[in-house]
Every structure is written in C-alpha cells, then in structure tokens.
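Enquirer: Structure in structure tokens, see below.
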Amino acid sequence: MIIDIHTHTFPDNVAEKALKGLSNDGLLHPFTDGTYDGLLRSVKSSGVDGAVVLPIATKPSQTENINAIAYDVNQHFEETGIMSFGTLHPQNEDKDRIIKDLKEKGFKGIKVHPIFQGCFFDDPEMKRIIACANDMDLIIMTHSGRDISYPGMENSATEHIIPVLKEVKPKKMILAHMGSWGQWGKGFSVFTEYDVYIDTAFAVKPAYLKEKPRDPECDFMEKEAFCRWIKKTGPERILFGTDSPWSSQKESIELIKDMPLSFLEKKKILGDNAKALLGL
C-alpha cells in the first residue's frame, strides 16, 4: 500500500487563482489543477492507494467551511482512498470545541501552518491547539523549516518547534518536509532527539525545477543526502509525502523506489508507517 500523507486541494472556484498565488511567480509548477477531482485523477494514475489532504485556515472565519468540506471528503474515503485532516486557526476562540468536534466526526488529524497562519509555532495559541489535539489523540501535521514561497520566514523554524516538543510532548506530531525544509541539519537533530514523525514532501528538488529557491540560506536536499539521512535514522517514523500538486506523485514514488534501501525500508516509508499511524 502506498499512502501520500501530504497533499493539497482547493475549491473548484478558487483553485486556479490559488495555484497562481502559491506558485512563487511561476517558479513552482503544479501537477494537478489543484481540485479534489484533479488529485483523484493523479492518485489513480500514479499507483497511490491513499492520500491525505491537508487544508489550512488562513483566517478564523474559514475554519467552519473548510472542515465541512473536509468532512464530506471523508465520507467517500472507502471508494476514493482520499481523506482529509481538519484545520483551525490559532485565533479561533473556541479551539477546544472545534477540536472535540473534529474528533467526534472521525477526523484523524489537524493541519497547521504557522507561516500561512501568521503566528509562531511556540505561540500560546498554537500550543493550546497542540495540547488539545494531544488530549484527543489526534495527529498534528505542521509545516516545518522555511517555506520556498516566503524567504526568511522563521515561524516554523526548529528553534520554535523544540520548546513545544519539550513542553507539550505531542504523541502524534508530523513535521513536514523532512523536519525542517531547507535547514536539513536542524531537522535531523529534532528527528533523532524527539518522538516525532517526518514526511518526505518536497524535500528533494523536483526534476522540472531548474531555478534555486529564492531564499539564499536554503536549498533542496540532494538525493544522496536524503538517502544517508534515512539510512542513519532508520525508516520507522518516515512518511511518504509529495506536497501535491507541487510534486508529481508518480515521480515521487519512483524517487523512493530508486533509493538504495531495502524492500522493507521502502515499504515502511511508502505506506506501512502511515497506515499504522492513521489506524487503517
């Protein structure tokens, strides 16, 4: 089983605009049209068995509608293989109620993105979200490290993640992008010292991307370093992710399959770890 733990979709009426706005002035190339149906077509054509959509509320007022759409996605999981996490904004005043409602409706996890949500990972509001999700036994997936579209932003940097790991001790935390996008050494230290998961999304430079990121302090992980990273840490808490539509699901699968890893190591990364974490 292959599970893509890290994908994104947008409502049909805003998908084109959203992709244009997030493409970093054309630096990034989408591999789907950004819609739910576009992801479903990619899943079916690439050999992915399951995919997790990660919505982000960039304003408190968006939370209810986004979660309603996500709930509808989850009602069709058995036939599509696509599920969605829920979300909420750090400025939502009724955080506990929202998270309890997500749990009662069968959501597996919550996505947060401090850069997009205008906060830092160790802000009190974000800690409250993580602590409540922890109490509800929900997964927390967060962007970690820099962001290719927002050079210099430190909201999800390791320095802000570690205090939360020490204080809140989340049981099911996924740090996207190999633990710290663009700052791989820091991500390695967090992964080896704390009980967290990481995903592989957008860590290795996609073949189409010829330009370097516009953040002079960051770059993609080389394939050789990516493999050494996994070999050194072991595959048990590494999850396959693509950041679709920004990476090809098919090419991302081949990247893992081409790594000089054992069959069992690849199997764990591509799906077994996510299957266990999601309780599938």
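The values are calculated or read from the model by the stated rules, or taken from the named source; none is laboratory data. Note that this is a predicted model, so its numbers are computed, not measured. Methodologically, a virtual Cβ is constructed for each residue, glycine included, from the backbone with ideal geometry; neighbour enumeration extends over all protein chains shown.
Enquirer: Taking the residues in segment 143-163 that are out of contact with any strand residue (DSSP E or B) (no Cβ under 9 Å at 6 or more places or on another chain) and either assigned to a strand (DSSP E or B) or of a type in the set (Val, Ile, Thr) (or both) as candidates, determine which candidate is farthest from Phe188 (Cα to Cα). Walk me through how you get there before you give the answer.
Expert: Pass one, segment 143-163, residues out of contact with any strand residue (DSSP E or B) (no Cβ under 9 Å at 6 or more places or on another chain): 149-152, 154, 159-160, 162-163.
Then keep just the ones that are either assigned to a strand (DSSP E or B) or of a type in the set (Val, Ile, Thr) (or both); that gives 150, 162.
Values: Tyr150: 22, Ile162: 12 Å.
Looking at residues that are out of contact with any strand residue (DSSP E or B) (no Cβ under 9 Å at 6 or more places or on another chain) and either assigned to a strand (DSSP E or B) or of a type in the set (Val, Ile, Thr) (or both), I get Tyr150.
Enquirer: Return only the number of the condition from (1) outside any loop (DSSP other than H, G, I, E, B); (2) touching a Lys or Arg at 6+ places or on another chain (Cβ under 9 Å) that Leu261 does not satisfy.
Expert: Going through (1) outside any loop (DSSP other than H, G, I, E, B); (2) touching a Lys or Arg at 6+ places or on another chain (Cβ under 9 Å) one by one, Leu261 breaks only (1).
Enquirer: Give segment 119-143 a look and list any residue that's under 19 Å from Asn65 (Cβ atoms) and either of a type in the set (Ser, Thr, Tyr) or at pLDDT below 95 (or both), or say none.
Expert: none
Enquirer: Tell me, yes or no, whether segment 227-236 has at least one residue that is at pLDDT 90 or above, surrounded by 15 or more Cβ atoms within 10 Å (Cβ to Cβ), among the charged types (D, E, K, R) and within 27 Å of Lys169 (Cα to Cα). It would help to see each step written out before you state the result.
Expert: So the first thing to find is which residues in segment 227-236 are at pLDDT 90 or above, and the list is 235-236.
Now drop any that are not surrounded by 15 or more Cβ atoms within 10 Å (Cβ to Cβ), which leaves 235.
Keeping just the survivors that are among the charged types (D, E, K, R) gives none.
The answer is no; no qualifying residue exists.
Enquirer: May I pose another question? Please go through segment 164-190 and give me each residue that is farther than 16 Å from Ile230 by Cβ and assigned to a helix (DSSP H, G or I), ordered by number.
Expert: Val164, Leu165, Lys166, Glu167, Lys186
Enquirer: Considering only residues that are part of a loop (DSSP other than H, G, I, E, B) and at negative phi, look in segment 118-135 and name the one that is farthest from the chain's Cα centre (by Cα). I'd like the intermediate steps shown before the answer.
Expert: If we filter segment 118-135 for residues that are part of a loop (DSSP other than H, G, I, E, B), which is where we start, we get 118-123.
Of the ones still in play, those that are also at negative phi are 119-123.
Working: Cys119: 18, Phe120: 17, Phe121: 15, Asp122: 18, Asp123: 20 Å.
The residue in question is Asp123.
Enquirer: Tell me whether segment 97-105 contains one or more residues that are crowded, with 17+ Cβ neighbours inside 10 Å, touching a Cys at 6+ places or on another chain (Cβ under 7 Å) and of a type in the set (Lys, Arg).
Expert: Within segment 97-105, none of the residues are crowded, with 17+ Cβ neighbours inside 10 Å, touching a Cys at 6+ places or on another chain (Cβ under 7 Å) and of a type in the set (Lys, Arg).
Enquirer: Then there's this: Identify the single condition in (1) under 30 Å from Phe107 (Cα atoms); (2) not in a loop (DSSP other than H, G, I, E, B); (3) not small (Gly, Ala, Ser) that Pro235 does not satisfy, given that it satisfies every other one.
Expert: Checking Pro235 against (1) under 30 Å from Phe107 (Cα atoms); (2) not in a loop (DSSP other than H, G, I, E, B); (3) not small (Gly, Ala, Ser), the one that fails is (2).
Enquirer: Working only within segment 241-264, note down all residues that are buried (at least 19 other Cβ atoms within 10 Å of the Cβ) and among the acidic types (Asp, Glu).
Expert: Asp243
Enquirer: Return a yes/no flag: does segment 209-224 have any residue that is aromatic (Phe, Trp, Tyr) and farther than 25 Å from Ile82 by Cβ. Steps first, answer last, please.
Expert: The initial filter retains those residues of segment 209-224 that are aromatic (Phe, Trp, Tyr), namely 220.
With the extra rule that they be farther than 25 Å from Ile82 by Cβ, the set shrinks to 220.
There is at least one residue in segment 209-224 that is aromatic (Phe, Trp, Tyr) and farther than 25 Å from Ile82 by Cβ.
Enquirer: To continue, here is another question. Which of the residues belonging to segment 191-215 are assigned to a helix (DSSP H, G or I) and either surrounded by 20 or more Cβ atoms within 10 Å (Cβ to Cβ) or charged (D, E, K, R) (or both)?
Expert: First, the residues of segment 191-215 that are assigned to a helix (DSSP H, G or I): 191-193.
Answer for segment 191-215, where residues must be assigned to a helix (DSSP H, G or I) and either surrounded by 20 or more Cβ atoms within 10 Å (Cβ to Cβ) or charged (D, E, K, R) (or both): Phe191, Glu193.
Enquirer: Residues that are of a type in the set (Gly, Ala, Ser) and modelled with pLDDT of 95 or more, at least 3 per element: which helices (runs of 4 or more DSSP H) completely within segment 1-117 meet that?
Expert: On the way: elements: 15-22, 36-46, 63-74, 77-80, 95-104.
Once the helices (runs of 4 or more DSSP H) in segment 1-117 are filtered for at least 3 residues that are of a type in the set (Gly, Ala, Ser) and modelled with pLDDT of 95 or more, what remains is 36-46.
Enquirer: Looking at (1) in contact with a strand residue (DSSP E or B) (Cβ under 8 Å, 6 or more places away or on another chain); (2) touching a residue at least 60 places away in the same chain (Cβ under 8 Å), find the lone condition where Pro213 falls short.
Expert: Among (1) in contact with a strand residue (DSSP E or B) (Cβ under 8 Å, 6 or more places away or on another chain); (2) touching a residue at least 60 places away in the same chain (Cβ under 8 Å), Pro213 violates only (1).
Enquirer: I need a count of the residues in segment 136-173 that are within 16 Å of the chain's Cα centre (by Cα), at positive phi and surrounded by fewer than 21 Cβ atoms within 10 Å (Cβ to Cβ).
Expert: Residues flagged as within 16 Å of the chain's Cα centre (by Cα), at positive phi and surrounded by fewer than 21 Cβ atoms within 10 Å (Cβ to Cβ) within segment 136-173 amount to 0.
Enquirer: Out of Gly241, Gly182, I need the residue that is modelled with pLDDT of 95 or more, within 19 Å of the chain's Cα centre (by Cα) and under 25 Å from Thr158 (Cα atoms). Which one? Can you show your working first?
Expert: Numbers: Gly182 fails: modelled with pLDDT of 95 or more.
None of the other options fit; the residue is Gly241.
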